Structures are given as C-alpha cells and as structure tokens.
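What follows is a single structure, written as structure tokens, with notes after it.
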C-alpha cells in the first residue's frame, strides 16, 4: 500500500509539472496505459472489470480520438477519457443518487440544457444529432429517483436502445458535446452573464485562459454546475480551486473529483 500511495504522490506531482491539455492537437491519442495504473485516491484500482477496461480502450478511446480530430470539437481525448472514468468507472449502466446516468453520468437536466444551447447559431451543427438521440420518458422525468431507474433497467423497460445516456458510445459523444459547450461558456461572452471576460479578468489578468485553467473550470462545472463555479471564481479569483471547501458537504468529493481528473489526464495524455 505504501508503494501505491507513493506512486499516487508521484502522479499528482507529474500532474502539476506536466502541462495537461484541454484542446486536442493533430494526431491526438489516448495513451493505452495499464488498467492498474488508474487508481482512486486511496490507492484502489478505479476500474475493477477487465471487460469494462477493454471496452473503454478498444471502443470508447477511438470514438474520443475521432471527435478530437473534428475541429468543431477538438477536445483532448485524454482529458475526456479521464473525465468519463472518474464519472462512472467505465460502467455504462451506472446510476447515481442525483440521478446521473450511464458512462458519462449526465443528467436529464443537462440533456435539456444541451438541447437548448444547440439551437444557437454557432452550435446548430450539433442540433440534428442531439435531437435524434433516443430518450426514454421514464428517464426524462423530474420525479424518478435512483432506485426507480435501477428497477426499470433490471426489468428492461429502459435499455441502451431507448435511452442514449445508457448507450456508451453515444454517451461519450454527448460528453464531448457538453464539454465543448461548457468551454464556450467560459471562453466567450456569447451566453448570458458574460462568463468569458469575467473569467479572463478574475483568473488571468484579462489574458486568454490557459489549458490548465480551462480544465479546472470545465471539470468542476461538469461535476457541480457552472453557477456554483462562477460563485467560487467571483469570491476567490485565481485561487478558487483552493476553496472547493466552500461547497460545504460536497467539498471533499469536489476536491477528489478535480484532483483525480487531473491525475488521470496526465496518464492518458502520456502518448505524446
């Protein structure tokens, strides 16, 4: 266990030393690292199932790499893989208490936000695909809880054919779309609230955000929502990630979430 924890410390140090990337570069790939190199903060292996790991490496990684090559998305596939693994540990049928669903752990509320955002002219290209994704009325219902959705999955009332959030390749595509939309929110003033100029002023002296700053903003937004992140940036400026404790009962999980995504990103971007 000491050796495992020492390795985690080294990985965290590497995460600080290596400039991790939010945006893809030409020929970007997900590094095919060993399954046991991807660990939780306590040293346990993140993905217990060999079959889940093989599916991620053989099916999801190529999907992310293809999306990375699309200049309309161009999100580093190593970062997206890190995010998905932290979210669901590769379980395409995962249901959280929120409830967040599937490989990407998106919610029905996020899906609704995405459908609204892709009506705007610069993301209209996403619209036909997003609207075509299969949606179960049982999932997109604001009163269903984790236990009810789990029961419907067991009975086959909800399947990967009737709900895209449980179809892993499509969920990975949706995660790439959502991450791209979150990036746009923080890098432009197109959306209400003028987040772009606000973030540049508070975090980087008015200069464009760095890759590392974008990763922090988008990662915590994916986990906690952009309104809560905006509040932290407004209160603490460039030191906002040191004050995730202000999230109260969610603080330990939020700190672990950001730290693990950054550490996993280092691993999956090591193919450079």
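The values are calculated or read from the model by the stated rules, or taken from the named source; none is laboratory data. Bear in mind the structure is a predicted one, so any value in this text is a computation, not a measurement. Because the Cβ atoms are built from the backbone with ideal geometry, glycine has one as well, and the counts that use them run over all protein chains shown.
Suppose we filter region 19-39 for residues that are surrounded by fewer than 14 Cβ atoms within 10 Å (Cβ to Cβ) and either at pLDDT below 95 or within 26 Å of residue 178 (Cα to Cα) (or both); how many remain?
Let us first name the residues in region 19-39 that are surrounded by fewer than 14 Cβ atoms within 10 Å (Cβ to Cβ), namely 19, 25-27, 32, 34, 36.
Then keep just the ones that are either at pLDDT below 95 or within 26 Å of residue 178 (Cα to Cα) (or both); that gives 19, 25-27, 32.
Residues meeting the conditions: 5.
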Return only the number of the condition from (1) within 22 Å of residue 130 (Cβ to Cβ); (2) in contact with a strand residue (DSSP E or B) (Cβ under 9 Å, 6 or more places away or on another chain) that residue 182 does not satisfy.
(2)
The one condition residue 55 fails out of (1) over 15 Å from the mean Cα position of the chain (by Cα); (2) without any contact (Cβ under 8 Å) to a residue 60 or more places away in the chain is (2)
Single condition residue 66 does not satisfy, out of (1) under 19 Å from residue 30 (Cα atoms); (2) touching a helix residue (DSSP H, G or I) at 6+ places or on another chain (Cβ under 6 Å); (3) part of a helix (DSSP H, G or I):
(2)
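Quick grid of which residues meet (1) touching a residue at least 40 places away in the same chain (Cβ under 8 Å); (2) assigned to a helix (DSSP H, G or I); (3) crowded, with 19+ Cβ neighbours inside 10 Å; (4) in contact with a helix residue (DSSP H, G or I) (Cβ under 7 Å, 6 or more places away or on another chain):
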| site | (1), (2), (3), (4) |
| --- | --- |
| 125 | yes, yes, no, no |
| 134 | no, no, no, yes |
| 150 | yes, yes, no, no |
| 158 | no, no, yes, yes |
| 171 | yes, yes, yes, yes |
| 176 | yes, yes, yes, yes |
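Just to be sure, is residue 188 in contact with a helix residue (DSSP H, G or I) (Cβ under 7 Å, 6 or more places away or on another chain), modelled with pLDDT of 90 or more and surrounded by 21 or more Cβ atoms within 10 Å (Cβ to Cβ)?
Details: in contact with a helix residue (DSSP H, G or I) (Cβ under 7 Å, 6 or more places away or on another chain): yes; modelled with pLDDT of 90 or more: yes; surrounded by 21 or more Cβ atoms within 10 Å (Cβ to Cβ): no.
No: the conditions fail for residue 188.
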Here are 170, 161: which of them is at pLDDT 95 or above, within 29 Å of residue 125 (Cα to Cα) and more than 19 Å from the chain's Cα centre (by Cα)?
161
